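Peer 1: To start, I am sharing the structure in question, which I have written as structure tokens.
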Amino acid sequence: MLMLLNLLEITKLSQNELPLPYHTKLDSLSSRPRWRARDDNQASTMRIMVAIKRVVDYAVKIRVKPDKTGVETNNVKMSMNPFCEIALEEALRIKESGLASEVVAVSMGPSQCVDTLRTGLAMGADRGIHVEATSVLYSLTVAKILKSLVEVEKPGLLFLGKQAIDDDCNQTGQMVAGLLSWPQATFASKVVLDKEKQVATVDREVDGGLETLSLDLPAVITTDLRLNQPRYATLPNIMKAKSKVIKKYTPQELNVDIKSDLEVIQVTEPPKRKAGVIVSSVDELIDKLKNEAHVI
């Protein structure tokens, strides 16, 4: 069911300290239309969109190309970005709790991304969207594509992993939230939805401890490691995923121009550490630290 937008409603920002140290609560500041389902008695019709990325598997030893233009991906095991798995798992749990009606998985890149989408569908996503592109997609371009897809799909919640393990940019979620003028909560370790008030309460990890944010929907949430443990796809669900719909787009169809102000000059491996030595006494250790390492 499609969602309608109410009139513009501006909420005030308030901040209240909780008795726990390093724990704050912020009510979201929003100057945009608040999301409402078409039928207010059935808020569970909310759609959730999840962005997933195809990356080199986390267990694979990375090898740099001989020409140092990037890392080797030919004949290398690829899989879904671990943070994206967590984002998808959280979306599926929200749907299973009755607070959402549909989970849509989105991936961008070459045709092989369909395999990653099938994995997401086997985990439980209802359908997939593949934006096919052969060139490298950087964070801002991905954010623009997601913005266009949000305008088409009208989700009430957009989930992303906090970062991809191949580039570690940690930028896309923040960028798409800015482009959409939606509230955002990054590094989420707990997500609670209130379907009556149409808000999401998110615990996020910060340097000092935990921060709790209250976001008006629609909103963007990026997920951290401690949010959940992703499920494994069962064999029956893997078979069902083969018949689920994957809709294809091109960036041009979404009116997104693929260009970047970034240029990769060179990719190199980190310097190798020298082998350690075993010393026979404390005196020998002190001598090496003083005369060889020059640290004391």
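The values are calculated or read from the model by the stated rules, or taken from the named source; none is laboratory data. All values reported here derive from a predicted model rather than from experimental measurement. These accessible areas exclude ligands, DNA and RNA; they are computed on the full protein's heavy atoms, side chains included. Shrake-Rupley method; radii C 1.70, N 1.55, O 1.52, S 1.80 Å.
Peer 1: Roughly what % antiparallel, to the nearest 5, for the DSSP beta bridges in region 20-271? Intermediate values should be presented prior to the final figure.
Peer 2: Working: 18 of 49 bridges.
Restricted to region 20-271, the bridges split so that about 35 percent are antiparallel.
Peer 1: Under 1.5 on a/c is rounded, so check that first for region 33-180, then, if it is not, pick prolate when a/b is larger than b/c and oblate when it is not; a ≥ b ≥ c are the square roots of the alpha carbon gyration tensor eigenvalues.
Peer 2: Working: a/c = 2.44, a/b = 1.82, b/c = 1.34.
Cα axes put region 33-180 in the prolate bin.
Peer 1: Something else: Give me the log10 of I(q) over I(0) for region 152-200 at q = 0.31 Å⁻¹, as the Debye formula computes it from C-alpha points; what are the numbers?
Peer 2: Listed by q, the Debye log ratios stand at -1.29.
Peer 1: What percentage of the solvent-accessible surface of the chain, computed with a 1.4 Å probe over protein heavy atoms, is contributed by carbon and sulfur atoms? Each step should come with its number before you reach the end.
Peer 2: Values: 9080 of 17230 Å².
Here carbon and sulfur together make up 53 percent of the probe-accessible area.
Peer 1: Here's a follow-up. How do D203, D67, D126 stack up against each other in accessible area, from largest to smallest, with a 1.4 angstrom probe?
Peer 2: Numbers: D203 30, D67 100, D126 50 Å².
Ranking D203, D67, D126 by accessible area, largest first, yields D67, D126, D203.
Peer 1: Using only the heavy atoms of the protein chains and a 1.4 Å probe, how would T116, T172, T73 rank by accessible area, largest first?
Peer 2: Working: T116 10, T172 30, T73 65 Å².
I get T73, T172, T116, largest accessible area first.
Peer 1: Another one. Averaged per residue, what accessible surface does the chain expose to a 1.4 Å probe, in Å²? Write down the numbers at each step before the final one.
Peer 2: On the way: 17230 Å² over 296 residues.
Roughly 58 Å² per residue, with all protein chains present.
Peer 1: Let's test this: bin the Cα-Cα distances of region 99-150 at 10 Å from zero up to the farthest pair and state each bin's percent.
Peer 2: Per 10 Å bin, starting at zero, the Cα-Cα P(r) for region 99-150 comes out as 24, 50, 24, 2 percent.
Peer 1: Name the shape class, rounded, prolate or oblate, that the alpha-carbon gyration tensor gives for region 20-271, where a ≥ b ≥ c are the square roots of its eigenvalues, rounded holds for a/c under 1.5, and otherwise prolate holds if a/b is larger than b/c and oblate otherwise. Provide the component values of the computation, followed by the final result.
Peer 2: Working: a/c = 1.56, a/b = 1.35, b/c = 1.16.
Verdict is prolate for region 20-271.
Peer 1: Moving to a separate point now. May I ask you to rank K53, K77 by accessible area, largest first, using a 1.4 Å probe over the protein chains only?
Peer 2: Details: K53 65, K77 130 Å².
Result, largest first: K77, K53.
Peer 1: Please report the accessible area of V114 (heavy atoms, 1.4 Å probe, ligands and nucleic acids excluded) in Å², nearest 10.
Peer 2: Accessible area, nearest 10 Å²: 30 Å².
Peer 1: Okay, moving on. Mind checking which helices in the chain clear 20 Å along their axis (Cα) and have mean Kyte-Doolittle hydropathy of -0.5 or more, DSSP H runs only?
Peer 2: Values: long enough: 82-96 (21 Å, 0.10); 139-153 (21 Å, 0.88).
Long hydrophobic helices here: 82-96, 139-153.
Peer 1: Taking square-rooted eigenvalues a ≥ b ≥ c of the alpha carbon gyration tensor, is region 233-283 rounded, prolate or oblate, where a/c under 1.5 means rounded and, failing that, a/b exceeding b/c means prolate? Don't jump to the answer; show the numbers that get you there.
Peer 2: Working: a/c = 7.24, a/b = 1.74, b/c = 4.15.
Because a/c hits 1.5 or more and a/b fails to exceed b/c, region 233-283 counts as oblate.
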